[in-house]
Amino acid sequence: MSTIVSISTAPGIGGIGIIRMSGEETFNIIEKIFKPLKYQKIEDIKGYTMKYGNIIDNGEIIDEVLVSYFRSPKSYTTEDMCEINSHGGNVILKRILDVCLKNGANLAEPGEFTKRAFLNGRIDLSQAESVIDVINAKSEKEAKSGIKQLEGYLSKEIHQIKQEIMDVLVNIEVSIDYPEYDTPEVQKNDMKNMLNSIHSRLLRLEKSFDNGKIIKDGIKTAIIGRPNAGKSSLLNAILNEDRAIVTDIEGTTRDTIEEFVTINGIPLKLVDTAGIRKAKDEVEKIGIIKSIDEANDADLVIAIFDSSKELNEEDIEILKLIENKNVIILLNKSDLNTVLNENDERFTRITNRILKISALNKEGIEKLYKIISEMFNLNEINLDNEVLITNVRHKNIISKAIENVKKAEEALDIDMPTDIITIYIKEILEDLGEITGEVVTEDVINEIFSKFCLGK
């Protein structure tokens with residue numbers, strides 16, 4: 001493979017920047033462009049060593065740097081690697097990158113370092129995918145879930161399931177060559193027990209996606225209500241900052257505002273929407289349409305009403321909109337004289353999750369968090385004792401494997417020949433191999449790594 005190089009730190013000004021290089025020519029290129037304070041032959045430099053010196057281009061010092069050396073196979077890619085730690089800033093990093101390219105390196109594609117780690121067998125495909133999850137983590141639990149997958153927890157579970165299948169298949173193959181080894185009844189009994197076992201394990205993994213999706217994507221939460229009900233005040237109270245404009249003028253919010261907040265380690269994607277009413281102009285009409293779309297697409301709807309005023313036609317329309325949805329009703333402005341209460345049948349027929357709050361005074365926010373935690377069982381998500389599926393690709397493959405388990409079980413129930421049943425069982429192995437990358441097309445690999453950032 002060619003020697004690749006890329007800037008691995010995010011663009012912008014910072015204390016340090018890192019240029020990463022990997023491939024068989026790495027050390028030859030470094031020897032041309034790096035002058036260490038204390039010279040040492042490149043072949044004498046041990047892996048996991050860092051040296052101080054200058055990057056040079058045609059005799060000119062570009063920057064003083066620290067260079068880390070990683071020798072094959074004990075590196076991220078399993079190839080010879082180095083990381084140049086320079087001063088941060090786009091200009092310096094770009095100059096060092098250009099020097100590396102000029103001396104024989106090729107610019108790396110997005111995710112190419114991790115792709116090489118996968119292709120060279122250091123990690124499997126599910127571990128490679130977890131790298132981007134760790135980078136993009138929006139909460140501690142999402143980061144922890146990504147780290148567990150990077151450490152191979154999912155891979156281990158998949159390999160155990162595959163081994164359970166292989167143990168039965170091997171016995172069947174042996175009995176074909178040596179019929180006296182097992183009777184057909186014993187074979188089918190072994191297959192039935194195995195299929196029951198892996199069916200349960202795969203169903204447990206598939207079900208874990210419910211929690212995994214929450215950890216990875218968060219709970220998409222639409223805040224809806226009529227103008228001046230207190231939607232933007234609620235958003236500001238939750239974020240503890242003046243993120244949304246709050247005025248007494250109706251229709252201030254005309255577009256959606258999205259922000260993340262963390263509850264019990266789970267990201268809550270809050271969407272403040274335009275007040276729902278009869279639009280007074282085309283711009284407001286577009287905003288209201290987006291509000292309704294957000295409510296229909298949300299995992300959770302927080303419907304907020306001004307408890308100091310009687311319900312009007314706009315409020316009634318909102319109540320119709322939230323019927324049969326995962327909803328919490330907030331009766332805002334509890335600091336004023338209220339005319340609405342939690343026992344109002346117009347609310348209770350929709351949900352029993354009704355809470356009085358004062359968004360202005362930030363009263364009731366902690367109770368709101370508690371209700372959300374209970375609704376989504378956030379306290380029960382335990383990353384220490386279970387493997388969670390957070391990746392849609394993995395979930396779809398597991399669902400496909402479960403369908404093949406069902407086909408094998410049905411074939412077994414109607415007493416089909418063993419060799420027919422084993423076709424379905426081998427399909428399960430193929431499916432699971434797609435998760436770890438043992439059975440995967442080049443197009444899938446390219447699609448996965450195209451989502452990575454440069455330098456990773």
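The values are calculated or read from the model by the stated rules, or taken from the named source; none is laboratory data. In this text, all values refer to a predicted model and were calculated from it rather than measured experimentally. Positions of Cβ are backbone-derived with ideal geometry, glycine not excepted, and every protein chain shown enters the neighbour counts.
Here segment 241-261 is the region considered, the condition is being among the polar types (S, T, N, Q) and out of contact with any Lys or Arg (no Cβ under 8 Å at 6 or more places or on another chain), and the residue that is modelled with the lowest pLDDT is Thr247. Scanning segment 333-352 for residues being buried (at least 19 other Cβ atoms within 10 Å of the Cβ), in contact with a helix residue (DSSP H, G or I) (Cβ under 9 Å, 6 or more places away or on another chain) and either hydroxyl-bearing (Ser, Thr, Tyr) or within 23 Å of Phe376 (Cα to Cα) (or both) gives a total of 1.
Taking the criterion of being within 25 Å of Cys453 (Cα to Cα) and assigned to a strand (DSSP E or B), the residues of segment 1-49 that qualify are Ile4, Val5, Ser6, Ile7, Ile16, Gly17, Ile18, Ile19, Arg20, Met21, Ser22. For segment 328-357, the set of residues classified as within 36 Å of the chain's Cα centre (by Cα) and closer than 13 Å to Phe305 by Cβ consists of Ile328, Ile329, Leu330, Leu331, Asn332, Phe347, Ile350, Thr351, Ile354, Leu355, Lys356, Ile357, listed by residue number. The sole residue among Asn385, Asn352, Asn361 that is modelled with pLDDT under 90 and either assigned by TED's automatic domain parsing to the domain that holds Phe305 or among the basic types (Lys, Arg) (or both) is Asn361.
Among Gly152, Gly111, Gly146, which is at pLDDT below 95, touching a Ser or Thr at 6+ places or on another chain (Cβ under 9 Å) and closer than 30 Å to Ile62 by Cβ?
Result of the check over Gly152, Gly111, Gly146: Gly111.
Summed over segment 75-109, residues that are among the aliphatic types (A, V, I, L, M) and part of a loop (DSSP other than H, G, I, E, B) total 2.
Restricting Ile292, Ile316, Ile288, Ile329 to those that are assigned by TED's automatic domain parsing to the domain that holds Ser358 and at pLDDT below 70 reduces the list to Ile288. Of all residues in segment 110-145, those that are assigned to a helix (DSSP H, G or I) and closer than 30 Å to Lys32 by Cα total 8. Among the residues of segment 440-453, are any modelled with pLDDT of 90 or more and among the basic types (Lys, Arg)? Within segment 440-453 (the criterion being modelled with pLDDT of 90 or more and among the basic types (Lys, Arg)), the answer is no, since none of the residues qualifies. Given the condition buried (at least 22 other Cβ atoms within 10 Å of the Cβ), under 28 Å from Ile219 (Cα atoms) and at pLDDT 85 or above, answer yes or no: does some residue in segment 114-125 qualify? Yes, segment 114-125 contains at least one residue that is buried (at least 22 other Cβ atoms within 10 Å of the Cβ), under 28 Å from Ile219 (Cα atoms) and at pLDDT 85 or above. Return yes when Asn326 is surrounded by 13 or more Cβ atoms within 10 Å (Cβ to Cβ) and either aromatic (Phe, Trp, Tyr) or over 19 Å from Ser232 (Cβ atoms) (or both) and no when it is not. So Asn326 passes the test. Pairs linking a residue in segment 88-110 that is farther than 21 Å from Ser2 by Cα to a residue that is of a type in the set (Ser, Thr, Tyr), with Cβ atoms under 8 Å and 6 or more positions apart or on different chains, are Gly88/Thr9; Ile92/Ser86; Leu93/Thr9; Leu93/Ser86. Filtering segment 51-64 for residues that are closer than 16 Å to Gly17 by Cβ, touching a residue at least 24 places away in the same chain (Cβ under 8 Å) and in contact with a Pro (Cβ under 7 Å, 6 or more places away or on another chain) leaves an empty set.
Evaluate the following for Ile238: is it farther than 30 Å from Asn404 by Cα, of a type outside the set (D, E, K, R) and either modelled with pLDDT of 80 or more or assigned to a helix (DSSP H, G or I) (or both)? In short, yes.
Going through (1) surrounded by 12 or more Cβ atoms within 10 Å (Cβ to Cβ); (2) within 23 Å of Lys94 (Cβ to Cβ); (3) over 33 Å from the mean Cα position of the chain (by Cα); (4) not aromatic (Phe, Trp, Tyr) one by one, Asn58 falls short only on (1).
One residue is enough: does segment 101-112 have a residue meeting the conditions hydrophobic (A, V, I, L, M, F, W, C) and in contact with an Asp or Glu (Cβ under 6 Å, 6 or more places away or on another chain)? No, because not a single residue in segment 101-112 is hydrophobic (A, V, I, L, M, F, W, C) and in contact with an Asp or Glu (Cβ under 6 Å, 6 or more places away or on another chain). In summary, Ile219 fulfils each of the numbered conditions (1) over 29 Å from Glu317 (Cβ atoms); (2) at pLDDT 85 or above with the single exception of condition (1).
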